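As structure tokens, the structure follows; a few thoughts come after it.
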Amino acid sequence: MQYITIVADSYEEAAEKARKEYGDAIRIHSRRDFTTPGGLFTRKMKKCEITCYISSSPLEEKTVGQRDMNEFEKEAKTPDPHKLTSQERLDTEIHRGTEEGYQKAVKLLDENYISGPLREKLLEGLSCTSQECSRVLSERILENTKMDYESQIHPSRVVVFLGPTGAGKTTTLAKVAWLYKSSGKKVGIITLDTYRVGAYEQIAAFGEGLGIPVEKVGREDQLMVAMEKFTYFDLVLVDTMGLSSKDLELNLRLKGLGLQLSRLNTTFTLIVSASMKEEDMMRHYERYKDDFSITSIIVTKLDESITIGNALSFAYSINKPILFFTDGQKVPEDLEKASTEVILGNLRGFGLDMRAYRGQL
């Protein structure tokens with residue numbers, strides 16, 4: 001029986017080369033993966049060597065299809081260790097280790113509901129052992145998550161809070177208002193939510209408790225009057241009603257008020273709950289993005305979700321930085337500035353487990 005040895009950069013290339021040169025009668029006997037030694041002007045290269053023979057048996061006169069090649073791939077994945085050099089054994093162990101690391105990374109992403117473009121970016125070219133996986137993956141997550149440090153320290157004069165009903169806009173606004181008041185800024189609050197039952201009473205109660213004035217606005221002329229009252233204030237925070245797919249008049253009124261605000265030194269931030277699915281966050285963003293220039297997001301209700309991976313995936317997809325996180329209903333305590341510690345502390349399997357810590361309190 002005639003044996004033929006073919007070397008290529010990968011198994012697939014070697015097999016294809018064999019089929020092209022020797023036709024359908026070719027049969028693959030064995031496979032060996034190895035790395036060529038580097039020299040002074042050359043670098044190490046991964047190679048694959050296959051040993052083939054030409055079939056002479058009528059029983060073997062069949063076309064070598066993709067299924068045959070896939071079956072061989074499973075059998076020949078690991079070379080015969082007795083025929084490997086020390087360097088090749090090391091390369092094989094490294095390959096096994098990185099494969100285990102990759103699978104662990106996939107599991108961590110699944111557990112944290114990290115999907116879409118962010119998932120693809122985190123896995124792109126990933127090479128790490130199982131022991132290194134958490135560290136390497138957390139570094140990649142932080143590299144690909146934007147945080148709005150500038151606005152945390154120096155917010156624009158007017159900040160408008162957008163988001164669906166139930167996401168926690170009003171409570172979050174009260175927490176942010178106190179954060180900046182306690183840092184020495186003169187803060188005022190305007191609420192545009194004059195339609196939801198109890199909405200004004202809720203923000204007015206927060207304002208009274210925090211010592212921050214609150215103005216109620218339902219029309220554009222009232223908005224200008226309220227802004228006139230806050231002329232000498234450092235920061236004005238604006239609460240809004242949630243957009244409704246059924247109430248078009250309400251939506252148009254919000255858009256009109258938003259247009260007036262956009263002419264001032266204004267930024268718009270979108271509030272989303274960590275308990276939402278990523279597709280729900282995206283749906284709400286799509287409702288706002290054409291009429292409001294959203295610059296950042298605030299993720300609320302960390303205490304109601306096991307992970308923030310869905311929020312990180314969403315932020316990456318829309319290319320917006322995270323400004324704050326909230327993790328409870330207490331005003332003003334349950335507010336966190338976006339930071340690496342908060343992000344890793346609210347992902348499963350990465351560093352500090354903030355949820356386990358809260359459970360001990």
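The values are calculated or read from the model by the stated rules, or taken from the named source; none is laboratory data. The structure presented is a predicted model; accordingly, all values stated were derived computationally and were not measured. Here the Cβ positions follow ideal geometry from the backbone for every residue, glycine too, while neighbour counts run over all protein chains shown.
Check Ser339, Ser317, Ser262, Ser273 and return the single one that is under 15 Å from the mean Cα position of the chain (by Cα), within 16 Å of Phe161 (Cβ to Cβ) and not assigned by TED's automatic domain parsing to the domain that holds Arg135. Every option except Ser273 fails the conditions. Residues in the range 113-156 that are in contact (Cβ under 8 Å) with a residue 12 or more places away in the chain, closer than 30 Å to Val187 by Cβ and outside any helix (DSSP H, G or I): Thr145, Lys146, Met147, Asp148, Pro155, Ser156.
Against the conditions (1) in contact (Cβ under 8 Å) with a residue 24 or more places away in the chain; (2) surrounded by 15 or more Cβ atoms within 10 Å (Cβ to Cβ); (3) within 28 Å of Asp110 (Cα to Cα), Asp280 satisfies every one except (1). Residue count for the range 122-138 satisfying the condition of being among the acidic types (Asp, Glu) and surrounded by 13 or more Cβ atoms within 10 Å (Cβ to Cβ): 1.
Of a type in the set (Gly, Ala, Ser), surrounded by 15 or more Cβ atoms within 10 Å (Cβ to Cβ), touching a Gly at 6+ places or on another chain (Cβ under 9 Å) and part of a loop (DSSP other than H, G, I, E, B), is that true of Ala167? The answer is yes for Ala167. In the range 216-242, the residues that are assigned by TED's automatic domain parsing to the domain that holds Thr165 reach residues that are assigned to a helix (DSSP H, G or I) and small (Gly, Ala, Ser) with C-beta atoms within less than 7 angstrom, at least six apart or across chains, in these pairs: Val217/Ala226; Glu220/Gly256; Leu237/Ala177.
Could you list, in sequence order, all residues of the range 204-243 that are among the β-branched types (Val, Ile, Thr) and out of contact with any Leu (no Cβ under 8 Å at 6 or more places or on another chain)? Ile212, Val214, Val225, Thr231, Val236 - these are the residues of the range 204-243 that are among the β-branched types (Val, Ile, Thr) and out of contact with any Leu (no Cβ under 8 Å at 6 or more places or on another chain). Of all the listed residues (Lys330, Lys301, Lys337, Lys277), the sole one being among the basic types (Lys, Arg), in contact with a Leu (Cβ under 9 Å, 6 or more places away or on another chain), over 17 Å from Ile141 (Cβ atoms) and modelled with pLDDT under 95 is Lys337. When the test is whether a residue is under 26 Å from Gly345 (Cβ atoms), surrounded by fewer than 21 Cβ atoms within 10 Å (Cβ to Cβ) and touching a strand residue (DSSP E or B) at 6+ places or on another chain (Cβ under 9 Å), Gln152 passes it.
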